[in-house]
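The values are calculated or read from the model by the stated rules, or taken from the named source; none is laboratory data. Note that the structure is predicted; figures quoted are calculated from it, not measured. Here the Cβ positions follow ideal geometry from the backbone for every residue, glycine too, while neighbour counts run over all protein chains shown. We work out accessible area using only protein heavy atoms, side chains counted, and drop any ligands, DNA or RNA first. Shrake-Rupley method; radii C 1.70, N 1.55, O 1.52, S 1.80 Å.
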Amino acid sequence: MTIEFETTANPVGLEVHDSLEQRHLQIETSASVSPGSIDPDEFCFTVDETCTIETDEIVFDHRYAVTIHDQTGQAISNFEAGETAELDDRTQFVGVSAPIKLYVRVDVPGTIDISLTGLRITLEQEGVVELGARSAHDRPAGTITTPPDLESVAEAISAVPSALKTTSPERTWPTLRGHPPLIELGDRLDVPEGIDRPDGNVELVVPNEYLAVYQAAPLAFFLGATVRTGPNPRLETPLFERSLAADDTFGDEIAQLLKRFFFLDCLTRTEGIFQYDIIERAPLEDELSFDLVDIYDKPLPVRLERYLEIPYDVIDPHTPRWPLTAYVPDKPDSVEVVPFVVNELGIIRESRGRTPNTVPQLEPTTAQLVRSTAEYRSPSTYDDESAFVVPRIRDESVEHAWFGDAIPQNASKATIEAYRNQINRDARSESIEILVVCNDARMIDEHDLLDETYGTREELPFEIHSEFGVDSDQLATLLTQGGYDFLHYIGHATEDGIRCPDGNLDVRTLESVDLGVFFLNACRSYEQGLALTRRGAFGGVSTYSDVVNEDAVEAGETFARLLNRGFSLRAALEIAQQNTALGEQYLIVGDGSADIAQSDGGSPGVVELERWSEHEFGFGIRTYSTKEYKLGTVSASDLESVVDTHLSPGFTPLTPVDEEKLLEYLTWTELPILFNERLHWNDGIGPITLE
């Protein structure tokens with residue numbers, strides 16, 4: 001069972017626990033409760049587990065967005081921080097957008113109060129309240145087998161949209177896009193029962209090559225389209241045909257179509273089930289040749305034809321930041337990578353790049369401690385530029401994931417094993433288990449900083465385990481049997497192993513590891529990080545050259561703070577590289593969307609501030625996607641004087657805010673703050689000084 005409800009005594013109420021994703025949701029009640037049972041099928045929403053309690057009050061210690069639905073599930077209204085909503089004397093559902101999606105069914109009148117610090121549902125009288133919870137974890141419905149010939153591969157890709165739950169504009173909501181079925185190579189084409197090919201009438205005809213089929217897959221998924229190869233590439237519907245490029249620009253055109261259709265559907269859905277304003281809509285409304293209210297209910301081919309009327313240059317500045325670009329080799333076995341990229345609506349590019357002119361190398365002074373296994377810089381396997389590659393496109397997405405050979409610069413090294421490891425993960429313990437290993441006493445400063453960082457969020461159960469001077473046998477045991485969700489290693493490494501007091505532990509000699517995410521904060525830990533992902537880990541951060549200890553300490557602390565606040569690996573690395581001494585030699589290995597903790601209150605973000613006058617600041621926020629809050633999520637800052645509801649991942653322009661209101665807001669938020677080109681950490685409740 002993925003979701004569990006458990007009673008709590010301090011505070012009284014319930015805790016909802018997702019044992020697969022390790023997400024927690026605390027529910028306080030006015031008195032102790034005894035959960036009863038109810039059939040999940042009695043809910044009009046898809047939920048994993050349900051229960052009933054008797055209470056007149058439900059309190060959440062974080063601010064969550066709220067939607068009120070009628071008894072059929074139709075959304076009636078949405079509410080954000082600072083608002084109060086009334087519950088009528090009839091059956092209604094209160095949808096709470098938390099790390100675990102929760103629906104609260106009530107049959108009596110009451111009020112909902114949403115503050116900057118929490119959410120309270122108060123009923124006029126005690127009664128039976130039904131709760132339904134849904135995990136954000138979405139496993140593939142099955143595995144498609146295909147032989148390696150191009151025609152069969154295209155047929156397999158055509159079944160990927162089976163995970164799409166609607167072709168209405170509402171499919172831009174992440175919860176209405178399930179994980180595509182997996183694909184593996186075999187002797188014959190086999191699409192298991194239950195994986196239904198789309199019965200729509202949209203078709204993508206693509207050039208006769210593997211790469212073109214792969215590049216079309218994310219767009220085909222979003223449109224519910226079939227894919228076939230043939231002459232005259234085109235997007236074909238019963239209403240129109242649009243020619244597509246037949247040369248190297250095919251991938252560019254597919255990427256633009258995906259962004260165009262997704263973004264304009266996001267604008268159109270604001271007139272649908274959930275009606276709300278987003279800042280991307282206002283500057284474009286006069287540029288649109290159609291009315292959003294009118295087009296919402298139109299068939300898909302009609303919407304697509306109208307969307308194509310808008311010049312791409314008009315909408316491009318307003319589209320959300322894309323989370324992922326994947327560089328995939330143009331060969332048959334790459335089809336197995338495609339469903340994982342499609343799950344994030346990633347853009348697929350050819351794994352093509354150039355050899356760098358130089359490889360960034362450290363030139364430490366004699367007074368600086370280097371995290372290699374020697375006191376001085378030692379020769380590296382990767383001193384030769386030919387071991388590296390620089391992807392052709394590097395500014396398209398938050399993460400650029402390289403699935404090809406060689407070590408990427410300015411990109412992450414993705415492995416299909418890392419994605420599969422997460423699909424196959426078992427239920428974990430209720431607490432987040434973190435292992436910190438320090439194998440050099442001279443680097444104890446970083447450990448001490450981490451000891452004050454991981455697990456500082458009182459609402460999440462962290463267990464921190466610290467080990468010092470761990471020998472190779474003990475480290476092997478910790479990796480293979482420890483079951484840790486996160487490893488933060490401080491010390492030395494080479495291509496051939498992680499340094500221990502009795503020698504190196506080469507992870508490549510281990511059959512498997514029981515580990516989630518890792519940060520190998522040591523010189524030249526790339527090969528060891530790569531081995532971790534291929535033996536069980538989800539992803540992490542490694543280095544391909546030497547690093548100075550002082551810089552590594554700052555990098556380690558910053559990374560720990562960001563992961564602790566719910567940022568993914570890809571977001572944490574981007575923020576740290578932009579705002580600390582963490583250099584290009586750090587890179588993600590595995591799945592960049594992996595994380596270790598939930599983000600409460602929506603997509604995690606960085607507050608960006610500029611002082612404009614003595615009592616006024618410019619305020620903006622830059623948000624990032626997570627596994628719960630994927631592309632298409634709506635985010636806002638909860639600063640009442642600022643209108644900044646926007647599509648995530650994305651950022652808002654700086655808008656004026658009074659200093660007094662800003663300081664009040666910062667007192668209650670724990671988002672990192674970028675001010676005067678420095679990151680500031682708002683730890684706990686209390687004022688922050690902006691100088």
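Modelled spin-label separation between S243 and D313, with each label point placed 7 Å from Cα along the Cα-to-Cβ direction: 2.1 nm. For the chain, the residue among Y629, L639, P11 whose Cα projects farthest onto the positive side of the dipole built from Cβ charges is Y629. Rolling a 1.4 Å probe over the protein heavy atoms of the range 92-164, with every protein chain left in place, gives an accessible area that is 43 percent carbon and sulfur.
Summarising the label geometry, the points placed 7 Å from Cα in the beta-carbon direction at D445 and S466 lie 1.6 nm from one another.
If I model the range 451-538 as equal point scatterers sitting on the Cα atoms and use the Debye formula, what is log10 I(q)/I(0) at q = 0.22, 0.23, 0.26 Å⁻¹? Values, matching the q order: -1.10, -1.20, -1.47. An ellipsoid equivalent to the chain, defined through the eigenvalues of its Cα gyration tensor, has semi-axes of 37, 34, 26 Å when rounded to whole angstrom and sorted largest first. The largest-to-smallest principal axis extents of the Cα set in the range 143-291 are 52, 35, 24 Å. Along its principal axes, the range 254-303 has C-alpha extents of 29, 24, 20 angstrom, given from the largest down. In the chain, the DSSP-assigned H stretches of four residues or longer account for a calculated mean residue ellipticity at 222 nm of -5500 deg cm²/dmol, using -39500 (n - 2.57) per stretch and the full residue count as denominator.
Across the range 39-135, the volume of the C-alpha convex hull divided among the residues equals 83 Å³ per residue. With every protein chain kept in place and ligands, DNA and RNA left out, what is the accessible area per residue of the range 283-341? Probe 1.4 Å, answer in Å². Computed with neighbouring chains in place, this is 41 Å² per residue. The portion of the accessible surface of the range 205-292 made up by carbon and sulfur, rounded to a whole percent, is 42 (1.4 Å probe; DNA, RNA and ligands excluded). Summarising the overall dimensions of the range 11-78 from its C-alpha atoms, the Rg and Dmax are 13.4, 33 angstrom.
Using bins 5 angstrom wide from zero, how does P(r) for the range 212-312 break down, in % of all Cα pairs? All Cα pairs considered, the percentages come to 2, 11, 23, 23, 18, 11, 8, 3, 1. Compactness of the range 292-364, taken as the C-alpha radius of gyration over 2.2 N^0.38 Å, stands at 1.73.
Computed over the alpha-carbon atoms, the range 529-596 gives an Rg to Rh ratio of 0.95, Rh here being the Kirkwood radius from the mean inverse distance. Here the convex hull built on the C-alpha positions of the range 515-642 has a volume of 116 cubic angstrom per residue. What is the range 56-198 by shape, rounded, prolate or oblate, if you read a ≥ b ≥ c off the alpha carbon gyration tensor as root eigenvalues and call it rounded for a/c under 1.5, prolate for a/b larger than b/c, and oblate otherwise? It is prolate, given that a/c is not under 1.5 and a/b is the larger ratio.
If the Kirkwood radius is taken over C-alpha pairs of the range 149-212, then at 10 °C and 1.306 mPa s the Stokes-Einstein diffusion coefficient equals 120 µm²/s.
If you take every DSSP beta bridge fully contained in the chain, what fraction is antiparallel? Give it as a percent rounded to 5. Around 70 percent antiparallel, to the nearest 5.
Tell me the volume per residue, in Å³, of the convex hull enclosing the alpha carbons of the range 568-631. It would help to have the intermediate numbers written out before the result.
On the way: hull volume 7.4 nm³, N = 64.
Measuring per residue, one finds 116 Å³ for the Cα hull of the range 568-631.
In the structure displayed, which of K298/K630; K413/K630; K331/K627; K298/K661; K331/K630 lie more than 32 Å apart, Cα to Cα?
Where the Cα-Cα span goes over 32 Å, the pairs concerned are K298/K661.
Our compactness index for the range 577-691, the C-alpha radius of gyration over the empirical 2.2 N^0.38 Å, is 1.12. Lys/Arg Cβ at +1, Asp/Glu Cβ at -1, dipole of the chain taken about the Cα centre: which of L324, Q578, P408 is farthest positive-ward? About the Cα centre, the residue reaching furthest to the positive side is P408.
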